[in-house]
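Everything on this sheet refers to the single structure shown next.
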Amino acid sequence: MRTVLRMRDLEGKIVAITGANIGIGRAVAEALAARGASLRLLCRSLDKVAPLVESLREQATDVIAIPCDLGRLDSVREAAAELLARDEPLHVLVNNAGIGGQKGKTPDGFELHFGVNHLGHFLLTNLLLDRLKASAPARIVHVASGSHYKAPGIDWDAVQQPTKTVSGFPEYSVSKLANVLFNAELGRRLEGTGVTSYAVNPGRVATNIWQRMPWPLRPLFKLTMWSSEQGARSTTRAATDLVGTGCYFDKHAVIQPASTPAQDTQLAFELWDRSERWVSSAS
Ligand SMILES: NC(=O)c1ccc[n+]([C@@H]2O[C@H](COP(=O)([O-])OP(=O)(O)OC[C@H]3O[C@@H](n4cnc5c(N)ncnc54)[C@H](OP(=O)(O)O)[C@@H]3O)[C@@H](O)[C@H]2O)c1
């Protein structure tokens, strides 16, 4: 069995991050670049990520941007193919991109939060898994959320329908529960491969994800929120030196996920099984 190495010095390590153009993802990219990592930024808009790419290159970071819309499974496949065609190792995958408080359905027929936050990342991770294993020791980090505890479970019909609630936040919680369950199942499946998997709650961070929260809640909430740099710390730690696998890292400590569904191994297995069938029927 290969050992799990800590990666404090990231010189020569290649890290892929989704949704890195802004918010927590951008702060994670900057923190890892400062430690010498090469970055592959998977973003849905190359225009939006261009200023970050330019600024990182000025600091001599090896960085490229790859288009990837996680709400479109064909785009996820193209992004993975572009990354794999580079014929280089992949040491860390950070599944960070996410939406909250939105309404709709993806072109592949899934509730918007579930499709983007869970299913797009499920497919991306599985397409990159052999490369991660071949690059071991390697890590996968899922940026989940403490809001997963608000989800009572996963309604398999509802995740194949447009967003039903007015706020979209109950659907967001379900997608974040899916992140926690995917991490737990992935951790189990990766035992002994040298690839470890972590789910992270970054804390409450003042980013664009809250922009649909109604006034005056938003400015009030923002007063108590962390900066993106503070919010990036737990993800950066999981991407570099957290020990264990399949665990949930809540801001400062590894804890048990906060709800019964999040600890349900049968639900985690069923989510994997259904997700596998959904992504293959959409190919
Ligand atoms: N902020 C918080 O308090 C908080 C708390 C718990 C968990 N989180 C989690 O932290 C992660 C990062 O969120 P954030 O707070 O940094 O929000 P953010 O500033 O809104 O950043 C979200 C990122 O995801 C990208 N994204 C959205 N939809 C996408 C799609 N279809 N395909 C590819 N990329 C897409 C966005 O790209 P565009 O710029 O192109 O939209 C952006 O880069 C999310 O997973 C979120 O659930 C945040």
- What are the residues in segment 187-241 that are within 11 Å of the ligand (Cβ to nearest atom), more than 15 Å from the chain's Cα centre (by Cα) and of a type in the set (Val, Ile, Thr), if any? Val205, Thr207, Thr224
- List, please: which pairs have Cβ atoms under 9 Å, are six or more places apart or on different chains, and start with a residue in segment 145-173 that is closer than 18 Å to Gly120 by Cα and more than 12 Å from the ligand (Cβ to nearest atom) and end with one that is part of a helix (DSSP H, G or I) and of a type in the set (Asp, Glu)? Ile154/Glu270; Trp156/Glu270; Ala158/Glu171; Val159/Glu171; Thr163/Glu171
- Could you list, in sequence order, all residues of segment 155-186 that are of a type in the set (A, V, I, L, M), closer than 19 Å to Gly71 by Cα and more than 15 Å from the chain's Cα centre (by Cα)? Ala158, Val159
- Restrict the check to segment 254-269 and report whether at least one residue is assigned to a strand (DSSP E or B), surrounded by fewer than 21 Cβ atoms within 10 Å (Cβ to Cβ) and away from the ligand (no atom under 16 Å from the Cβ). yes
- Taking into account only those residues within segment 55-100 that are in contact with a Pro (Cβ under 8 Å, 6 or more places away or on another chain) and buried (at least 21 other Cβ atoms within 10 Å of the Cβ), which is nearest to Gly231 (Cα to Cα)? His91
- Item | Given (1) at pLDDT 95 or above; (2) under 28 Å from Glu30 (Cβ atoms), number of the condition Ala253 does not satisfy | (1)
- Subset of segment 195-222 [more than 15 Å from Asn183 (Cα to Cα), touching a Lys or Arg at 6+ places or on another chain (Cβ under 7 Å) and not in a helix (DSSP H, G or I)]: Gly203, Ala206
- Item | Complete set of residues in segment 79-120 that are more than 14 Å from the ligand (Cβ to nearest atom) and either of a type in the set (Gly, Ala, Ser) or touching a Gly at 6+ places or on another chain (Cβ under 7 Å) (or both) | Ala81, Ala85, Gly109
- Item | Whichever residue in segment 101-155 is among the acidic types (Asp, Glu) and surrounded by fewer than 23 Cβ atoms within 10 Å (Cβ to Cβ) and, among such residues, is nearest to Val205 (Cα to Cα) | Asp155
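Every residue, every condition in (1) within 23 Å of Ser234 (Cβ to Cβ); (2) under 15 Å from the mean Cα position of the chain (by Cα), yes or no:
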position	(1), (2)
Thr61	yes, no
Ala81	no, no
Leu84	no, no
Asp87	no, no
Leu90	yes, no
Ala97	yes, yes
Leu124	yes, yes
Leu127	no, yes
Leu132	yes, no
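The values are calculated or read from the model by the stated rules, or taken from the named source; none is laboratory data. The shown structure was predicted, so the numbers you read here are calculated from the model rather than taken from an experiment. In this analysis, Cβ positions are derived from the backbone assuming ideal geometry, glycine residues included, and neighbour counts consider all displayed protein chains.
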